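So the structure is just underneath, and the comments pick up after that.
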């Protein structure tokens, strides 16, 4: 039995649901949020420990290292470029910090040195690509090897311990009940989101990635944009390296290996187009969460590492395929 | 077997003058833009049939339909008595239609022989037989009498030699109909002579040749039949013996000049006014030489020239995209722009010829595109964009230029050509330019949007903007300009007062036949 009111209510509900589904935010992130939810449900069913609050914090801490590196990667991919050297930069920056502390530097000088090292390595990537007109893929394949080799220069390949308490607090302590590492991820999220969506520079990144020729003809100095973008990517990788070395209490020469792929996967899963010009930091953090949940869930289920690699690779393929497909549907 | 040496198809045994290709009422539209409307053409064996028309008359579109690149929107084609509907260029070649395009389509890193036989290399079990390839290429090159080494890399050849290789490539397969699209535009006289003798031999072998060129003398020398096209439509076909250069030019440009050109809104500046922008003997090796132009505030100067006359490169030099020799003066002071950024800072705006490649970010919204060049004036402290100012600015331009769009958040890629072009204009109006350079401002734009664009040009001139407009549409140049600079063969052929100027006069300078 249905009264008129019921029917009206039902109609109103459908309308709300429709307009909610049609809103740009949902259309943009709906797919990824649903995937995230599905993954969480699947892992919770398979492993009861997955849903524990402690595990949630654990996931977020693991995500932080990838997410921060992926923020930087978002700029690079928005430009239609790629940065494969960030895994190596992560390792170098940890080692720079370890050496700085070994030489007796304090916390803040060590942070400054680490950031400077990341910025320098990133700027070099950008400058080589822009000024020599080399594809960023080639440049960063080369510097990936060069930077990775440089990590071992101070210690001849041995790991270096870090004993600075403030540095170690980043990965170990909490503030207002939330780990500091998550605060850093959150603050950088806001900062990068504002830079990309609200500043002239951010706009120029989108325009250059969307159509480089048109950007040049509109007076945008695309070479300068590229160098700044790669510098940001290098700095974000350096911060990521700080977080990682703090969690590990040491600088490992093989730290960050393969992180470039996780970062790229996070960015692409977040809906940023590999062709450039379209994407957001919001998408990137959601993408990083998916990667984090997959990593964590498979660890909980004791899935061997090599299976994890296969699953993550397949996830990237599917994401890119969906990206291409949605674009050809729009055209 | 090549186009010249082949044993003719059975059909080719018929005598000269037989119809080989008939085009009936062919039309082709790209979205709302009609590139070709009801085109008709009859091509006979053993004759050279020239297609004549201004840039944009639809010749290249028609050729691309014959080559299987485009599918016609309507109409039919009959080839050798059978309906002809090529699915792709390969299919067209299999049916005996061979095309030499004006854009070079060669791979620079491959040899001449490899390029000539690209896609039909002599092979065995999928391996290319290098010796057979080189021998076949050698035979063809010798037969055609081309001064080219078949083993040379195409990248090492001159532009003219590459064009000859392109021709050899077009003739490397048997063909009934050979189409040559502006084959002489990059050839010197002696190389052109080689081409003409090849054409004579094709004729004597009973081939039909469709020839496209802007050079009137060679048209009068080579052609048997001449068909004139205008605005995508068939105008007339005559035998060469029954027409003259003057008559052809009149047919080509002679469209009614209605009052789609709005009248001036302010008096012309006096000739004594100091030009905002002037060039003195501007040259760039291989692109243009000794170009001197001046534009006064409130003046519209038209720059007319056929494709390859160097006009587009002059524009690029004025905008800092090329570093020319000679002087560019802004308000009488010499300037040297090293980038577009510097040119824009000096108040120069450039509406480029290709809005999709150089004008717009098609994925982005109308708002984003309109504000693209004026980001600096829409931002506050710390380089933060002011969203409300941005939206207001975009809305104002949409209203001012009557841009038809659902909202300012619509992506520009989904709009019509005319509206896209207006957005490119809007982008530049944002920076309130002192000099506005327009390169083909109405290409691929419907009549309504054309009129709007003309109105805006007039309005800007009335407020003192100096306007330099390149267009290959002669009526447009004559209808809007105060003065017309005509370029021919990479230099200025004439500077003419637009008052009382006829299209025929401009055309004679542009074609380089003015006595």
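Taking every C-alpha pair closer than 8 Å and separated by at least 6 residues, the mean separation divided by the residue count of the stretch A:52-324 gives a relative contact order of 36 percent.
If you take the Cα centroid of the stretch A:196-211 and the Cα centroid of the stretch A:265-322, the two points sit 24 Å apart.
The shape of the stretch B:356-457 can be summarised by an equivalent ellipsoid whose semi-axes, obtained from the alpha carbon gyration tensor, come to 22, 15, 12 Å from longest to shortest.
Each label was represented as a point 7 Å from its Cα along the Cα-to-Cβ direction; for residue A:186 and residue B:105 these points are 6.1 nm apart. For the stretch B:36-195, relative contact order (Cα pairs under 8 Å, six or more residues apart, normalised by length) works out to 25 percent.
The modelled label-to-label distance between residue B:237 and residue B:504, using points 7 Å beyond Cα along the C-beta direction, is 2.7 nm.
Counting Cβ atoms of other protein chains within 10 Å of each Cβ in A:43-56 and taking the mean gives 0. With the highest mean first, a sort of the peptides B:191-201, B:289-299 on other beta-carbon atoms found within 10 angstrom per residue produces B:289-299, B:191-201. Highest average first, the peptides A:130-141, B:412-423, A:167-178, A:261-272 ordered by how many other beta carbon atoms sit within 10 Å of their residues are A:261-272, B:412-423, A:130-141, A:167-178. Only helical runs count toward this figure. For chain A, summing -39,500 (n - 2.57) over DSSP H runs of n ≥ 4 and dividing by all residues gives -26000 deg cm²/dmol at 222 nm.
Highest-first packing order for the peptide set A:33-41, B:340-348 is B:340-348, A:33-41, based on the mean count of other beta carbon atoms within 10 Å. Rounded to the nearest 500, the helix-only mean residue ellipticity at 222 nm of chain B stands at -8500 deg cm²/dmol, with each DSSP H run of n ≥ 4 adding -39,500 (n - 2.57). Other protein chain C-beta atoms within 10 Å of residue C-beta, averaged over B:378-388: 3. Against the longest principal axis of chain A, how steep is helix A:305-330, in degrees 0 to 90 to the nearest 10, with axes from Cα atoms? Helix A:305-330 sits at roughly 60 degrees to that axis. Approximating the spin labels as points 7 Å out from Cα along Cα→Cβ, the residue A:45-to-residue A:168 distance works out to 4.3 nm.
If the segment from residue B:197 to residue B:220 were pulled out straight at 0.36 nm per residue, it would be longer than the present Cα-Cα gap by 6.8 nm.
Based on the Cβ-Cβ distance from residue B:149 to residue A:38, what FRET efficiency comes out when R0 is 60 Å, to the nearest 0.05? Taking R0 as 60 Å, the efficiency between residue B:149 and residue A:38 is 0.40.
Relative to the dominant Cα principal axis of chain B, helix B:417-429 is inclined by about 40°. The length gained on full extension between residue B:391 and residue B:123, counted as 0.36 nm times the residue separation minus their Cα-Cα distance, comes to 90.3 nm. Within 10 Å of the Cβ of each residue in A:208-216, the mean number of Cβ atoms contributed by other protein chains is 6. Does anyone have the angle between helix A:180-198 and the longest principal axis of chain A? Alpha-carbon axes, 0 to 90°, nearest 10? Approximately 70 degrees, to the nearest 10.
Where the centroid of each part is defined by its Cα atoms, how far is the stretch B:40-101 from the stretch B:440-515 in Å? That distance is 31 Å.
For the stretch A:223-331, relative contact order (Cα pairs under 8 Å, six or more residues apart, normalised by length) works out to 19 percent.
With 0.36 nm allotted per residue and the present C-alpha distance subtracted, the residue A:132-residue A:161 stretch has 6.6 nm of extension available. Centroid-to-centroid, using Cα positions, the stretch B:112-147 and the stretch B:149-194 are 15 Å apart.
If you run the Gaussian network model on chain A, springs between alpha carbon atoms under 10 Å, then out of A:256, A:94, A:145 the most flexible one is A:145. Pull out a ≥ b ≥ c, the square roots of the eigenvalues of the alpha-carbon gyration tensor of the stretch A:91-196, then state rounded if a/c is under 1.5, prolate if not and a/b is larger than b/c, and oblate in the remaining case. Oblate, since a/c reaches 1.5 and b/c is not below a/b.
Laboratory data are not the source of any read-out in this text; all were calculated from the coordinates shown. Worth saying up front: this structure is predicted, and the values here are computed from it rather than measured. We place every Cβ from the backbone using ideal geometry, glycine too, and count neighbours over all the protein chains shown.
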